[in-house]
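> Shown below is the structure under consideration.
The values are calculated or read from the model by the stated rules, or taken from the named source; none is laboratory data. Only a predicted model underlies this, so the values are computations on that prediction, with no experimental measurement involved. Cβ atoms come from the backbone with ideal geometry, glycine included; neighbour counts cover every protein chain shown. Areas reflect the complete protein model, heavy atoms only, side chains present, ligands, DNA and RNA absent. Shrake-Rupley method; radii C 1.70, N 1.55, O 1.52, S 1.80 Å.
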Amino acid sequence: MHKPIHSKEVTKAALKKLQDRGVTIEDIAEIVYEMQFPYHNELEMEDCIESVKKVLLKREIQHAILVGVELDQLAEKNMLSEPLQSIVETDEGLFGVDETIALGAALGYGSIAVTTFGHLDKNKIGIIHDLDTKRGKGIHTFLDDIVASIAANASSRIAHRLRDKEENITSEDKKQFEDEELIG
């Protein structure tokens, strides 16, 4: 029986996959900034970087990175069986497994993350566009959608935190809400 893999190992492996594919936390944070600045003009890039880092600590995100990038790399090495090889290699329009994995990773951050993911998938902002159009320079069928998911999650996280700040809700208040069993 295998020993469970420590979360630090999973985190390191996922971050290395992003780094090896040329995706930085700052690249993703730029998308988050673009998505959230219209709603909060005091937003700073550092807030976006922090949010991306927090999202990257989530196992669902890490697993999506590991699976997606692995499939992209196998396609680059022509190691998938047909017709999957051709489908992934060409990022076939009716192939939705890449979006399904990325969307699944966005579900933990609520409806804002889901709708933001849809927007980013459609409009290909920032590094997402770069990954999507790198024909001949690697296959990123899964990675562009995973990056969109990370950015969508980080955007949602910021939106929710801003509301808490506006309402002066602290972490102590949240704990009190839980402790008071406000719902019957």
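> Percentage of Cα-Cα pair distances in the chain greater than 19 Å, rounded to whole percent? Could the numbers behind the result be given before it?
Working: 10107 of 16836 pairs.
So the portion of pairs separated by more than 19 Å is 60 percent.
> Please go through the residue pairs LYS16/LYS134; LYS54/LYS165; LYS12/LYS134; LYS8/LYS165 and name each one whose alpha carbons sit more than 29 Å apart in this structure.
Result: LYS8/LYS165 exceed 29 Å.
> Could I ask something else about it? Note down the nm distance, to one decimal, between modelled labels 7 Å out along Cα→Cβ at LYS134 and at ASP20.
Distance between the two pseudo-spin positions: 1.3 nm.
> May I pose another question? Can you classify the stretch 64-156 as rounded, prolate or oblate using the Cα gyration tensor, where a ≥ b ≥ c are the square roots of its eigenvalues, rounded means a/c under 1.5, and otherwise it's prolate if a/b beats b/c and oblate if not?
Note, shape of the stretch 64-156 comes out prolate.
> Let me ask something else about it. Which order do peptides 74-80, 85-91, 96-102, 137-143 fall in by mean Cβ count within 10 Å, highest first?
Details: 74-80: 13.6, 85-91: 15.9, 96-102: 17.9, 137-143: 21.3.
Per-residue mean Cβ counts within 10 Å order the peptides as 137-143, 96-102, 85-91, 74-80.
> So, with a 1.4 angstrom probe, what is the percent of accessible area on the stretch 1-101 that is carbon and sulfur?
Result for the stretch 1-101: 55 percent of the exposed heavy-atom area is carbon or sulfur.
> Sticking with this structure for a sec: Separation of the stretch 104-122 and the stretch 49-71 by C-alpha centroid, Å?
Value for the Cα centre distance between the two parts: 14 Å.
> Report the extension gain between ASN168 and HIS40 in nm, rounded to one decimal, defined as 0.36 nm multiplied by the number of residues separating them, less their alpha carbon distance.
Numbers: separation 128, 0.36 × 128 = 46.08 nm, distance 1.58 nm.
The ASN168-HIS40 span can extend by a further 44.5 nm.
> Follow-up. Which residue, VAL52, VAL67, VAL114, tops the fluctuation ranking in a GNM of the chain built on C-alpha contacts under 10 Å?
Checking each option, the largest mean-square fluctuation is seen for VAL67.
> Might you report the magnitude of the Cβ-based charge dipole of the chain about its Cα centre, with Lys and Arg at +1 and Asp and Glu at -1, to the nearest 20 debye?
On the way: 22 positive and 35 negative charges, 130 e Å.
Approximately 620 debye in magnitude.
> Could you give the length gained by full extension between SER111 and GLU9, i.e. 0.36 nm per residue of separation minus their alpha carbon distance, to one decimal place?
Net length gain for the segment: 33.7 nm.
> Which of LYS16, LYS54, LYS134 moves most in a GNM of the chain, Cα contacts under 10 Å?
Highest fluctuation of the listed residues: LYS134.
> Using a 1.4 angstrom probe, figure out how much accessible area the chain has per residue, in square angstrom, rounded to the nearest whole.
Normalised by residue count, the accessible surface of the chain is 60 Å².
> Applying 1/(1 + (r/R0)^6) with R0 = 30 Å to the Cβ-Cβ distance of LEU94 and ARG59, what FRET efficiency is obtained, to the nearest 0.05?
Taking R0 as 30 Å, the efficiency between LEU94 and ARG59 is 0.50.
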